[in-house]
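Okay, structure first, notes after.
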Amino acid sequence: MKEHHKEVENTARKWLHERGVTIEDIAELVYFLQEKYVENLSMEACEENVNRVLSKREVQNAILTGIQLDRLAEEEKLDHPLQGIIERDEGLYGVDEVIALSIVNVYGSIGFTNYGYIDKLKPGILKKLNDKSQGCHTFLDDIVGAIAAAASSRLAHSQDGTEEDD
């Protein structure tokens, strides 16, 4: 079973990389969210928290599901009207956010505010992922924002000593 879990994690990380998202990209979002609140925050601490979030099965499943749906939309392999809805990343289509919220939920309610904030501003890699000319990232942009929000939440909890070793 452990081998299967490692395979799922490795695939999720590989797919992120193939879609142009690095651990450093996500860590930069964590830094953006936490620099005002964590004294002497380092990129290494941000990357460590991103990696811990990526080790969670719920997060890996969300990554695989979201990226697969984005790929299918790019290949025009979804039935209509879903094909067009995902291609256009329609505002009233909230399934992408629902998948993202499953990630945010892993580290408590502070992740919700972090996610909402970063989803609205779209800094760093999120701006690139929202550029419709670079492929379909309807799910991926929300997933990346959610990973950053969860890592920020984990970091905040670790600062006040409430985060258990996961």
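Collect the residues in the range 121-131 that are out of contact with any helix residue (DSSP H, G or I) (no Cβ under 8 Å at 6 or more places or on another chain) and at pLDDT 95 or above, keeping them in residue-number order. Outline the logic, then answer.
So the first thing to find is which residues in the range 121-131 are out of contact with any helix residue (DSSP H, G or I) (no Cβ under 8 Å at 6 or more places or on another chain), and the list is 121, 127, 131.
Within the range 121-131, L121, K127 qualify.
Can you tell me which residues in the range 132-152 are modelled with pLDDT under 95 and either assigned to a helix (DSSP H, G or I) or farther than 19 Å from W15 by Cβ (or both)? Step through it out loud before you land on a result.
The initial filter retains those residues of the range 132-152 that are modelled with pLDDT under 95, namely 132-135.
Matches in the range 132-152: K132, S133, Q134.
Filtering the range 1-18 to residues that are modelled with pLDDT of 95 or more and either more than 12 Å from Q60 (Cα to Cα) or touching a strand residue (DSSP E or B) at 6+ places or on another chain (Cβ under 7 Å) (or both) leaves H17, E18. All conditions in (1) crowded, with 18+ Cβ neighbours inside 10 Å; (2) farther than 25 Å from K56 by Cβ; (3) not hydroxyl-bearing (S, T, Y) hold for L82, with the sole exception of (1). Only residues that are in a loop (DSSP other than H, G, I, E, B), touching a residue at least 12 places away in the same chain (Cβ under 8 Å) and either in contact with a Leu (Cβ under 7 Å, 6 or more places away or on another chain) or crowded, with 18+ Cβ neighbours inside 10 Å (or both) were counted across the range 23-44, and they come to 1. When you scan the range 64-78, do you find a residue that is in contact (Cβ under 8 Å) with a residue 12 or more places away in the chain, closer than 24 Å to Y31 by Cβ and charged (D, E, K, R), even just one? Looking for residues that are in contact (Cβ under 8 Å) with a residue 12 or more places away in the chain, closer than 24 Å to Y31 by Cβ and charged (D, E, K, R), one finds none in the range 64-78, hence no.
Among the residues of the range 74-98, the ones that are within 23 Å of R13 (Cα to Cα) and over 19 Å from the mean Cα position of the chain (by Cα) come to 2 in all. Contact map, the range 136-155: residues that are without any contact (Cβ under 8 Å) to a residue 60 or more places away in the chain paired with residues that are of a type in the set (V, I, T) and surrounded by fewer than 24 Cβ atoms within 10 Å (Cβ to Cβ), Cβ distance under 6 Å, separation 6+ or inter-chain. Pairs shown: S153/I110. Checking every residue in the range 84-103 against the condition of being in a helix (DSSP H, G or I), under 18 Å from D142 (Cα atoms), modelled with pLDDT under 95 and among the polar types (S, T, N, Q) gives at least one match. Please verify whether Q60 is loosely packed, with under 15 Cβ neighbours inside 10 Å, part of a helix (DSSP H, G or I) and of a type in the set (S, T, N, Q), treating the condition exactly as stated. Spelling it out, it is not the case that Q60 is loosely packed, with under 15 Cβ neighbours inside 10 Å, part of a helix (DSSP H, G or I) and of a type in the set (S, T, N, Q). Hey, among the residues in the range 63-79 that are charged (D, E, K, R) and assigned to a helix (DSSP H, G or I), which one's surrounded by the fewest Cβ atoms within 10 Å (Cβ to Cβ)? Restricting to residues being charged (D, E, K, R) and assigned to a helix (DSSP H, G or I), the top hit is E74.
Of all residues in the range 3-22 being not β-branched (V, I, T) and not in a helix (DSSP H, G or I), which is surrounded by the most Cβ atoms within 10 Å (Cβ to Cβ)? Write out each step before concluding.
Initially, the range 3-22 is screened for residues not β-branched (V, I, T), giving 3-7, 9-10, 12-20.
From what's left, not in a helix (DSSP H, G or I): 19-20.
On the way: R19: 19, G20: 14.
This residue is R19.
You will find that of L126, L101, the residue that is closer than 30 Å to N40 by Cβ, of a type outside the set (S, T, Y) and within 14 Å of the chain's Cα centre (by Cα) is L126 and no other. Taking the range 45-61 as the range and being touching a residue at least 40 places away in the same chain (Cβ under 8 Å) and not small (G, A, S) as the test, the residues that pass are C46, N49, V50, R52, V53, L54, K56, R57, E58, V59, Q60, N61.
The values are calculated or read from the model by the stated rules, or taken from the named source; none is laboratory data. Because the structure is predicted, anything quoted here is derived from the model rather than measured. When we count neighbours, we look across all protein chains shown, and the Cβ atoms used for this are built from the backbone with ideal geometry, even at glycine.
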